[in-house]
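Notes follow the structure.
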Amino acid sequence: MNNSENENITSEWLKANTKITGWLVFFLSVVMGFGGLSRSISLIAVNMSDYNNNYCIAAADIFTGVALLSMSLYVIYSFLNRYPNAVFWAKTNLILIIALSLLGLVMGQAEEEKVNAVSGLLGGGLWLLYLICSRQVQEVIPKSFRKVSKVDWIVLFAIILIPIVLWVIGVTQLKAVDTTGSQKIETSEGLSQNADSLYYAETEQVKFIVPKEFSCDASLAYDIEGKDLYSYDLMNEVDSSYSIVTLCSEYKADSSFSNLDRHWEAWKKKKHKEVFMNDVDRGVQSINGNKCLFRICKYYDKAGEDMYWRFYLLFDNETGKSCVFSSYDDGISTKYVDEILNSIQFK
């Protein structure tokens with residue numbers, strides 16, 4: 001095609017005089033078509049717990065997925081109609097996939113995430129080289145015919161900027177919540193008559209005594225339904241094998257044994273999936289007028305020693321709040337259990 005012909009070609013002329021065949025058909029149908037379809041399926045399976053229950057971070061991911069899906073569909077449409085910006089958006093799609101794959105490779109923790117990231121890098125890189133070097137792409141959309149409008153640049157700018165802004169807002173929100181959830185232990189005066197209990201932990205959801213020999217770290221966590229709660233990890237600093245306590249505050253009105261078992265199974269699956277346990281005790285008791293369900297199990301640690309897992313669900317009728325108490329000890333002394341449970345106050 002000579003220069004005079006290049007100056008006169010239009011999308012209609014290219015549609016009438018060029019054909020999309022071979023690898024370009026594969027690229028448009030498989031890479032853009034099925035690739036876009038897989039992204040739409042992944043959007044359906046979005047789970048808020050994967051985003052720390054932060055809507056801004058989830059929105060950033062969803063927006064990116066929708067943008068890539070829309071871009072893939074537009075690439076197919078623009079190639080079929082021989083639009084001047086077809087190659088631009090095809091390359092942009094692949095460059096964004098490569099960038100996201102690099103991000104996934106750096107930040108991904110699961111093995112599957114890293115495998116997908118490597119796959120995206122290799123696939124995106126190879127197809128980008130194809131678009132640059134392919135003679136057929138040059139024939140279907142000649143370089144002299146290609147054009148990028150101001151609208152294209154504005155749309156691309158929005159596609160990049162919007163998820164970045166949403167992500168920054170989401171991360172800022174998480175840090176703010178984490179700061180709130182990680183409040184330092186403060187000296188308590190008059191909170192407990194027990195002279196050994198000198199400190200307490202507190203958020204807007206729950207307050208409880210921290211026994212003197214225990215350290216306490218607080219953090220934001222999530223329940224089995226992905227809802228916010230605060231998690232406190234207590235460790236006996238005198239004897240680390242003596243007792244380890246995790247106490248979580250949440251809103252839960254269901255005070256049935258089926259709810260207790262549901263929580264227990266979720267915790268066991270997460271922490272003791274392969275450990276065989278025998279029920280030692282199970283029932284209901286009253287703590288400061290509040291209903292408390294419990295389940296105590298016995299198991300053996302790696303050294304073959306007896307260990308006990310104590311699991312409690314404490315409910316507050318007035319506020320509708322609840323508290324999960326999970327602890328591990330050797331069964332020799334359980335004074336800390338009653339001390340902490342009896343000190344819990346819902347605000």
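Okay, here's what the table says:
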read-out: Those residues of the stretch 1-42 which are hydrophobic (A, V, I, L, M, F, W, C) and at pLDDT below 85, in sequence order; value: M1, I9, V30, V31, M32, F34, L37, I41
read-out: Elements of type helices (runs of 4 or more DSSP H) in the stretch 55-137, at least 3 residues being aromatic (F, W, Y); value: 55-80
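The values are calculated or read from the model by the stated rules, or taken from the named source; none is laboratory data. Only a predicted model underlies this, so the values are computations on that prediction, with no experimental measurement involved.
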